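Participant: Sharing a structure here in structure tokens format.
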Amino acid sequence: MEMPKEADFFSLIPNSTSKGDKADKPNECLEGKMMGNNRHFLFFRWEKPGHSPMFGYDFWCQPRHKTMISSSFGAPTAFTQGFHLQHVAEGLYGRYLHVYSWPDGELKQMDRGGTGLMPLEIRFLHDPSKGTGYVGCALTSNIVQFFKTEDGSWSHQAAISVKPLKVQNWILTELPGFITDILISLDDRFLYFANWLHGDIRQYNIEDPRNPVLVGQVWVGGLIQKGSPAMTEDGKTWQSDVLEIQMIQLSLDGQQLYVTNSVFSTMDRQFYPELVEKGSHMLQIDIDTEKGGLTINLNFFVDFGAEPDGPCLAHEMRYPGGD
């Protein structure tokens with residue numbers, strides 16, 4: 001098999017990887033390319049020729065349904081400059097879910113995500129018999145449920161919408177939630193997601209996947225944190241003294257949620273300059289797995305500001321044996 005040229009690797013911006021029992025699990029690149037791997041070497045484009053989407057980001061496989069679905073962030077030429085609304089108007093951010101046949105990599109359907117802009121993290125339910133899951137859409141601040149229909153195709157609906165906050169002393173009069181990460185508990189009972197700009201984490205009961213119910217919420221920062229010039233119109237809504245939250249990772253027993261707070265350095269610098277100056281941190285959120293509920297654990301705090309060659313920006317976490 002002919003190896004890709006060295007220059008081909010420099011044109012990639014890898015984002016998500018997946019572990020599995022075979023060596024040909026793909027890696028998702030932000031330009032929409034899928035790279036197959038064997039041990040530690042990238043060998044081939046996983047998707048079939050002519051079946052590459054414009055943008056890529058995250059992906060999730062459901063082998064029993066012979067399907068992989070990927071999301072679409074945007075063009076690296078756009079987000080590496082920070083976030084600018086004109087790039088949205090120019091079509092440089094994604095609005096599609098890409099449905100592939102598994103494992104052969106044929107792009108079967110491009111599900112137009114008109115109900116959600118900038119779809120990022122995507123999760124199937126863990127039950128392999130269930131043909132449904134969710135994707136978090138950052139720009140429209142909503143959670144979209146995707147599901148398999150009776151004819152074998154895939155469809156979607158808006159499942160959760162986060163209302164913007166009316167604010168003062170910000171660049172806009174409304175502050176979106178900007179959902180950056182989602183996950184589902186291993187028992188498929190709860191969906192969690194982070195609103196990067198609002199600064200809250202939410203917990204929804206999804207035992208009825210089409211009708212999520214809010215059962216927990218905790219504020220851990222955001223643009224309207226205490227002491228920030230930006231504030232809600234009523235002047236009453238503020239969060240704790242820590243900065244903000246971005247990526248989340250759940251413990252195997254579902255009782256602890258770990259959170260970090262860096263999205264991408266250019267966006268961090270644009271919206272949270274203090275984060276870049278002082279570095280990231282990691283928090284622990286304790287979870288009520290019976291009735292629902294989230295509480296900050298005040299005895300757990302990891303500061304990445306004093307790391308060697310720091311301050312460092314902490315992003316994604318992985319729990320051994322978890323997602």
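Participant: Would you please list the contacts, defined by Cβ atoms under 8 Å and residues six or more apart or on different chains, that run from a residue in segment 83-97 that is touching a residue at least 24 places away in the same chain (Cβ under 8 Å) and of a type in the set (A, V, I, L, M) to a residue that is buried (at least 20 other Cβ atoms within 10 Å of the Cβ) and in a loop (DSSP other than H, G, I, E, B)?
Facilitator: Qualifying pairs under 8 Å: V88/L139; L97/S71; L97/S72; L97/G113.
Participant: If you check P176 against the conditions, is it surrounded by 15 or more Cβ atoms within 10 Å (Cβ to Cβ) and under 17 Å from the mean Cα position of the chain (by Cα)?
Facilitator: Details: surrounded by 15 or more Cβ atoms within 10 Å (Cβ to Cβ): yes; under 17 Å from the mean Cα position of the chain (by Cα): yes.
When the stated conditions are applied, P176 passes them.
Participant: List the strands (runs of 3 or more DSSP E) inside segment 1-99, counting only whole elements, that have at least 3 residues being touching a strand residue (DSSP E or B) at 6+ places or on another chain (Cβ under 6 Å), at pLDDT below 90 and not hydrophobic (A, V, I, L, M, F, W, C).
Facilitator: Values: elements: 14-17, 26-29, 34-38, 41-45, 59-62, 67-70.
Here the list reads 14-17, 26-29.
Participant: Test V263 against the criterion of being touching a Ser or Thr at 6+ places or on another chain (Cβ under 9 Å), more than 30 Å from G131 (Cβ to Cβ) and either in a strand (DSSP E or B) or free of Cβ contacts under 8 Å to residues at least 24 places away in the same chain (or both), and give yes or no. Don't jump to the end; show me each part of the working.
Facilitator: Working: touching a Ser or Thr at 6+ places or on another chain (Cβ under 9 Å): yes; more than 30 Å from G131 (Cβ to Cβ): yes; either in a strand (DSSP E or B) or free of Cβ contacts under 8 Å to residues at least 24 places away in the same chain (or both): no.
No: the conditions fail for V263.
Participant: Something else now. Which one of these is in contact with a strand residue (DSSP E or B) (Cβ under 9 Å, 6 or more places away or on another chain) and over 22 Å from L197 (Cα atoms): M118, M110? Break it down into steps so the answer makes sense when it comes.
Facilitator: Working: M118 fails: over 22 Å from L197 (Cα atoms).
Matching residue, one of M118, M110: M110.
Participant: Ok, one more. Would you pick out the residues in segment 275-299 that are among the aliphatic types (A, V, I, L, M), in contact (Cβ under 8 Å) with a residue 60 or more places away in the chain and under 23 Å from L223 (Cα atoms)? If you could, list the steps in order and put the result at the bottom.
Facilitator: From segment 275-299, those among the aliphatic types (A, V, I, L, M) are 275-276, 282-283, 285, 287, 294, 296, 298; that's our starting set.
Subsequent filtering for residues that are in contact (Cβ under 8 Å) with a residue 60 or more places away in the chain retains 283, 285, 287, 294, 296.
Hits for segment 275-299 are L283, I285, L294, I296.
Participant: I'd like to check something: does segment 236-253 contain any residue that is out of contact with any Asp or Glu (no Cβ under 6 Å at 6 or more places or on another chain) and on the phi > 0 side of the Ramachandran plot? Spell out how you get there, then give the answer.
Facilitator: Step one: list which residues in segment 236-253 are out of contact with any Asp or Glu (no Cβ under 6 Å at 6 or more places or on another chain), which gives 236-246, 249-253.
Those left that are additionally on the phi > 0 side of the Ramachandran plot: none.
The answer is no, given that none of the residues of segment 236-253 is out of contact with any Asp or Glu (no Cβ under 6 Å at 6 or more places or on another chain) and on the phi > 0 side of the Ramachandran plot.
Participant: Identify, please: which residue in segment 142-173 is surrounded by fewer than 21 Cβ atoms within 10 Å (Cβ to Cβ) and of a type in the set (F, W, Y) and is, among those, nearest to E233 (Cα to Cα)?
Facilitator: Among residues in segment 142-173 that are surrounded by fewer than 21 Cβ atoms within 10 Å (Cβ to Cβ) and of a type in the set (F, W, Y), the one nearest to E233 (Cα to Cα) is W170.
Participant: While we're on this one: Of everything in segment 292-310, what is modelled with pLDDT under 95, in a loop (DSSP other than H, G, I, E, B) and touching a strand residue (DSSP E or B) at 6+ places or on another chain (Cβ under 9 Å)? Give them in sequence order.
Facilitator: Passing the criteria: F304, G305.
Participant: Exactly one condition in (1) in contact with a Gly (Cβ under 8 Å, 6 or more places away or on another chain); (2) among the charged types (D, E, K, R); (3) without any contact (Cβ under 8 Å) to a residue 40 or more places away in the chain is not met by K148; state its number.
Facilitator: The single condition K148 does not satisfy is (3).
Participant: Collect the residues in segment 111-141 that are buried (at least 21 other Cβ atoms within 10 Å of the Cβ) and among the polar types (S, T, N, Q), keeping them in residue-number order.
Facilitator: Across segment 111-141, the qualifying residues are T140, S141.
Participant: With the requirement that a residue be in contact (Cβ under 8 Å) with a residue 60 or more places away in the chain, outside any strand (DSSP E or B) and over 18 Å from the mean Cα position of the chain (by Cα), what does segment 213-233 give you?
Facilitator: Answer for segment 213-233, where residues must be in contact (Cβ under 8 Å) with a residue 60 or more places away in the chain, outside any strand (DSSP E or B) and over 18 Å from the mean Cα position of the chain (by Cα): P229, A230, E233.
The values are calculated or read from the model by the stated rules, or taken from the named source; none is laboratory data. These numbers come from a predicted model, not from an experiment. Here the Cβ is made from the backbone with ideal geometry for all residues, glycine too, and neighbour counts use every protein chain on show.
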